[in-house]
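Here is the structure we will look at, set down as structure tokens.
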Amino acid sequence: MTESIHQLVPEFIREISPYVPGRPIEEVERELKLRAVKLASNENPLGPSPLGVEAARKALADAHRYPDGGGYYLRERLAARLGVEMDNILIGCGSTELIDIAARTLLNHGDEGVTAEGSFPMYYISIRAAGARLVEVPLRNYAFDLEALARAVTPCTKLIYMANPNNPTGTMFTADALDDFLVRLPEGVVVVLDEAYYEYVERADYSRSVERVRQGRKLVVLRTFSKVYGLAGLRIGYAVGPAALLAEMNKVRSPFNTSGVAQAAALAALDDTEHVRRSMESNRAGLRQLGLGLAALGVSYVPSAGNFLLVTLASDARPMTDALLQRGVIVRPMGWMGFPNAIRVTVGTREENEKFLSALAEVRSLAPQDLAGTRPGAPGGPAR
Ligand SMILES: *Cc1c(COP(=O)(O)O)cnc(C)c1O
């Protein structure tokens, strides 16, 4: 049976290594019979926007109706806020859906999709699933190497995925660097720029991407309600891009890809400036706390512009991750994203960060053989 199914599935699909999500907190607590903290999926530790939750609750009363799949009011609101037209906005079931829709809209067999090796796995999954050729450029100092990325472009290149800040490394490139990169690209290339952590970045030289969309560049900017707005569970994000391209992408999305509840929550969360302010403040303090704590332990990490840190160890991070899990701290080993010696930890609340740091201090003092014996049967990430 498995054999004959395999024959039905094209090789370029079978070759895809699957996305490995963070372990659900309930699953870990059930298994280990202890309370856990989850610092594994870059979620907002302060929870969802309260205004968003209130709006979602109200919207539930219309749950018997199909939603407005086009998300009229949310697009109207985003367009006004960003200074673009409504047809420059497309709503998706999380920005990850929009990553995939971009590939399915643009890539044909024989085309090339380019991204960085050591970035968000959805880029390579989407390029592969579209049947196109995947071109991966190594990072440089944990950051997107725009120079090398530009050199990797060939006449077959149609699509480039970039993350700014990058997940899982947290590094960013400047608005000037993006401008220099964009002018070097040939006409036929679309850049999908994933700014999932946009709201967290506080550097003045960070991003003018929407301005470039306004000026007619072949650029699609992706943002999400999953991170600073705390609505990851409701699945809603958006693209800002050229109207003609978004119109084609709009044909490919499933008609009711975002729920009315998610749209209502997103609309309200956009105006929840208090929640955004508190979230940014908490993240700023948490980054500082983790940075100081790691430095005190003599553990290296990559300085981050986002709400997470890539912690780099001297050897395979899996035993360490498993030992942390045993102590109720869920973080992600990054081997499957190309960093076998690294752990990605999401910035939590003060107490959660403290729990991570003290668990890390404890497991660092364990002998290697004690670490090796602690595997609780965590799902194995495929080597990549
Ligand atoms: C978290 C994240 C997203 C957000 O995905 P959603 O589907 O909007 O929840 C997108 N891109 C990157 C790089 C991320 O880290």
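The values are calculated or read from the model by the stated rules, or taken from the named source; none is laboratory data. From a predicted model like this one, the values you see are computed outputs, not experimental measurements. Here the Cβ positions follow ideal geometry from the backbone for every residue, glycine too, while neighbour counts run over all protein chains shown. To get the accessible areas, we keep the full protein, side chains included, count just its heavy atoms, and leave off ligands, DNA and RNA. Shrake-Rupley method; radii C 1.70, N 1.55, O 1.52, S 1.80 Å.
The table below gives the values:
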item	result
Kirkwood-type radius of segment 214-347, with distances r between different C-alpha atoms, in Å	17.8 Å
Principal axes of segment 123-208: Cα extent on each, largest first, Å	37, 26, 22
Given Lys158/Lys251; Lys33/Lys58; Lys38/Lys251; Lys58/Lys218, the pairs whose alpha carbons are separated by over 30 Å	Lys33/Lys58; Lys38/Lys251; Lys58/Lys218
Cα-based radius of gyration of segment 88-141 once divided by 2.2 N^0.38 Å, which approximates compact folds	1.17
Per residue value of the accessible surface for segment 54-127 (all protein chains in place, 1.4 Å probe), Å²	45 Å²
Listed residue (Pro50, Val84, Tyr72) projecting farthest to the positive dipole end of segment 48-88, Cβ model	Pro50
FRET E, pair Thr174, Ala243, Förster distance 25 Å, beta-carbon r, rounded to 0.05	0.35
Segment Arg184-Lys33, length gained on full extension (0.36 nm per residue, minus Cα span)	48.8 nm
Beta bridges by DSSP in segment 138-265, antiparallel share as percent, to the nearest 5	35 percent
Separation of the Glu85 and Tyr72 label points, Cα + 7 Å toward Cβ, nm	1.8 nm
Interchain or long-range residues, amide H under 5 Å from Val37's placed H	Val329, Ile330
Dipole in debye (nearest 20) - segment 277-335, about Cα centre, beta carbon charges: Lys, Arg +1; Asp, Glu -1	280 debye
Inter-label distance for Lys251 and Arg140, nm, one decimal - labels placed 7 Å from Cα along Cα-to-Cβ	3.9 nm
The chain: relative contact order in percent, alpha carbon pairs under 8 Å with at least 6 residues between	23 percent
Dipole of the chain [Lys/Arg +1, Asp/Glu -1 at C-beta], most positive-end residue of Gln215, Ala196, Ala63	Ala63
Euclidean distance between Cα centres, segment 282-304 to segment 138-191, Å	27 Å
Efficiency of FRET between Leu60 and Glu15 - r from beta-carbon atoms, R0 45 angstrom, step 0.05	0.60
Net dipole in debye of the chain [+1 Lys, Arg Cβ; -1 Asp, Glu Cβ; about Cα centre; nearest 20]	320 debye
Positive-pole candidate from Gly328, Pro138, Asn166, dipole of the chain, charges at beta carbon	Gly328
Accessible-area order (highest first, 1.4 angstrom probe) of the listed residues His109, His275	His109, His275
Order of exposure, largest accessible area first, which applies to Lys38, Lys58 with probe 1.4 Å	Lys58, Lys38
Dimensions (Å) - segment 28-183, Cα atoms, principal axes, largest first	52, 47, 33
5 angstrom amide H check on Asp145, placed H, neighbours 5+ away	Arg140
Fully extended contour minus Cα-Cα distance, from Ala204 to Ser300, at 0.36 nm per residue	32.0 nm
Efficiency of FRET between Thr154 and Ala361 - r from beta-carbon atoms, R0 35 angstrom, step 0.05	0.10
Inverse mean reciprocal Cα-Cα distance (Kirkwood Rh) of segment 239-288, Å	13.8 Å
For segment 14-89 and segment 231-281, distance of Cα centres in Å	9 Å
Calculated on alpha-carbon atoms, Rg and Dmax of the chain in Å	20.9, 60
Two-decimal log10 I(q)/I(0) for segment 1-43, as the Debye equation yields it once each C-alpha is a single scatterer, q = 0.27 Å⁻¹	-0.94
Cα-centre dipole for segment 53-95 with unit charges at Cβ (Lys and Arg positive, Asp and Glu negative), debye to 20	180 debye
Loop-resident sites, segment 12-46, for GluC sites (Glu not before Pro), counting at most 10 other Cβ within 10 Å (DSSP)	Glu15
Rg(Cα) / (2.2 N^0.38 Å) computed for segment 4-114, rounded to two decimals	1.52
Accessible-area composition of segment 82-180, carbon plus sulfur, in percent [1.4 Å probe]	46 percent
